[in-house]
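Before any comments, here is the structure.
The values are calculated or read from the model by the stated rules, or taken from the named source; none is laboratory data. Computed from a predicted structure; not experimentally measured. Cβ atoms come from the backbone with ideal geometry, glycine included; neighbour counts cover every protein chain shown.
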Amino acid sequence: MSVEFVASAALPTRWGQFTIHGFEEHETGKEHVALTYGDIGDDKPMLCRIHSECLTGDCLFSLRCDCGPQLQAAMESVSKAGRGIILYLRQEGRGIGLLNKIKAYSLQDSGADTVEANVQLGFDPDSREYQICKPMFDHFQITKLQLMTNNPRKIDALKDMGIEVSEIVPLHTEANPHNKSYLAVKVDKLGHMK
């Protein structure tokens, strides 16, 4: 997969001073970003979160998922560690897009779970792809990760790309009445770690 680095800029946040780096996929025109913190220029395993865009959870503070709290927890963890990277990938709704995710939410309102809703719309339960990560990591010369994730698919995808995952750092957030069944489906149907 071909990706072009576009620009970097300072990004002050409540967790400290990150740097935001923009990338563009040549094939699709999708824009992705990496957030780096501290000195990432050595070959030690890098604390990392690969986060798929979730407008509703990350920006609108939806309680239907755990995306926003996971992103915030990852930023806080990177800040506390003093160094790390977060890849923010533009693949909303497990890769089905924002409007299809809203359609999936509507089906969930009628009783479907998150996997059933995606399948009823004609999609795989999880359509996300992680190949874009490789050229982004190559840009920063990162080959070893301490990966913040509960998703074994990410781990397998990174290993297939030749990225060493030296440690899995679980990323748990508190359940609420609106996302309790969603979190259970991620474990029961998508194989996420508890």
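Is there a residue in segment 174-190 that is within 16 Å of residue 46 (Cα to Cα) and not aromatic (Phe, Trp, Tyr)?
Checked against the condition, which is being within 16 Å of residue 46 (Cα to Cα) and not aromatic (Phe, Trp, Tyr), segment 174-190 yields no hits at all.
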ask   = Within segment 34-46, is there a residue that is outside any helix (DSSP H, G or I), touching an Asp or Glu at 6+ places or on another chain (Cβ under 7 Å) and closer than 21 Å to residue 103 by Cβ?
value = no
request  = Specify which of the listed residues (83, 90, 128) is under 14 Å from the mean Cα position of the chain (by Cα), modelled with pLDDT of 90 or more and within 27 Å of residue 5 (Cβ to Cβ).
outcome  = 90
message = Could you check segment 7-39 and list, in sequence order, the residues that are surrounded by 18 or more Cβ atoms within 10 Å (Cβ to Cβ) and among the β-branched types (Val, Ile, Thr)?
response = 33, 36
key: Candidate set from segment 168-184 (those that are part of a helix (DSSP H, G or I) and more than 18 Å from the chain's Cα centre (by Cα)); member that is modelled with the lowest pLDDT   = 184
request  = Please specify each residue of segment 52-91 satisfying the condition of being charged (D, E, K, R), in contact (Cβ under 8 Å) with a residue 40 or more places away in the chain and closer than 20 Å to residue 32 by Cβ.
outcome  = 90
request  = Mind listing whichever residues of segment 138-152 are under 17 Å from residue 42 (Cβ atoms) and not in a helix (DSSP H, G or I)?
outcome  = 141, 142, 143, 144, 145, 146
task = For residues that are part of a helix (DSSP H, G or I) and either in contact (Cβ under 8 Å) with a residue 60 or more places away in the chain or not basic (Lys, Arg) (or both), tally how many sit in segment 92-126.
result = 20
remark   = Restricted to segment 41-59 and to residues being of a type outside the set (Asp, Glu) and surrounded by fewer than 19 Cβ atoms within 10 Å (Cβ to Cβ), the residue farthest from residue 80 (Cα to Cα) is 55
ask   = When the residues of segment 59-85 are filtered to those that are touching a helix residue (DSSP H, G or I) at 6+ places or on another chain (Cβ under 7 Å) and part of a loop (DSSP other than H, G, I, E, B), which remaining residue is nearest to residue 105 (Cα to Cα)?
value = 64
Of all residues making up segment 60-80, the number that are modelled with pLDDT of 95 or more, more than 26 Å from residue 25 (Cβ to Cβ) and surrounded by 21 or more Cβ atoms within 10 Å (Cβ to Cβ) = 0
In segment 109-147, the residues that are of a type in the set (S, T, N, Q), out of contact with any strand residue (DSSP E or B) (no Cβ under 7 Å at 6 or more places or on another chain) and surrounded by fewer than 18 Cβ atoms within 10 Å (Cβ to Cβ) = 110, 120, 127, 131, 141
